[in-house]
Amino acid sequence: MARMDEHGNIILNRARPLPDTRRSTYIPPTTHYSTPSYNWWERLNDWVADIGDWIADRIEDITDWVTVAACVVTVIALAIWVVMTFIGEGVFEGIICTIGAVIIGYIIFAIIGLLSYVLGYVLLGIRFIFWNIYSLLATIIGIVLLAIF
């Protein structure tokens, strides 16, 4: 049977929230005005890793913008081609040109889709070049060795 409080409301037996078991983030001060002192190599490594993280955060945005820009340019170019054919050649050739523009547009959009997929992997590769300072130095050494030999 349900339990009721003094006002006649039903008391629900809900589970109590679990206590917060995370560690405290408070760090007691040990010295006055102390800041972590990184050497120049660690700062350079952090800077290179920040570039890689920035690229990783924007891979999808870059590929999206490139894909949209390529599609817009394609549509504009095909529309100009169809309009110029209607003006210069006539209605019959314009209708044939419109059918050809649709077929060519479909093929170009498929190619743009594949190239945007490849662009994503290229940007992912660039991101791994900037993973840390060691990967960047290995890439630079590899390029120099390829240029020499």
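Values quoted throughout were computed directly from the atomic coordinates according to the rules given, and no laboratory measurement underlies them. These figures come from a predicted structure and were not determined experimentally. Cβ placement follows ideal geometry from the backbone for every residue including glycine, while neighbour counts extend to all protein chains displayed.
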Query raised in the report: Which one is surrounded by the most Cβ atoms within 10 Å (Cβ to Cβ), of the residues in the stretch 112-149 that are under 14 Å from the mean Cα position of the chain (by Cα) and of a type in the set (A, V, I, L, M)?
Result: LEU123
Query - Complete set of residues in the stretch 77-96 that are closer than 23 Å to THR67 by Cα and surrounded by 12 or more Cβ atoms within 10 Å (Cβ to Cβ) - result: ALA77, LEU78, ALA79, TRP81, VAL82
Query raised in the report: Hey, does the stretch 53-76 have a residue that's loosely packed, with under 13 Cβ neighbours inside 10 Å and either small (Gly, Ala, Ser) or touching a Cys at 6+ places or on another chain (Cβ under 7 Å) (or both)?
Result: yes
Query raised in the report: What are the residues in the stretch 97-111 that are more than 25 Å from LEU123 (Cβ to Cβ) and surrounded by 13 or more Cβ atoms within 10 Å (Cβ to Cβ), if any?
Result: CYS97, THR98, GLY100, ALA101, ILE104, GLY105
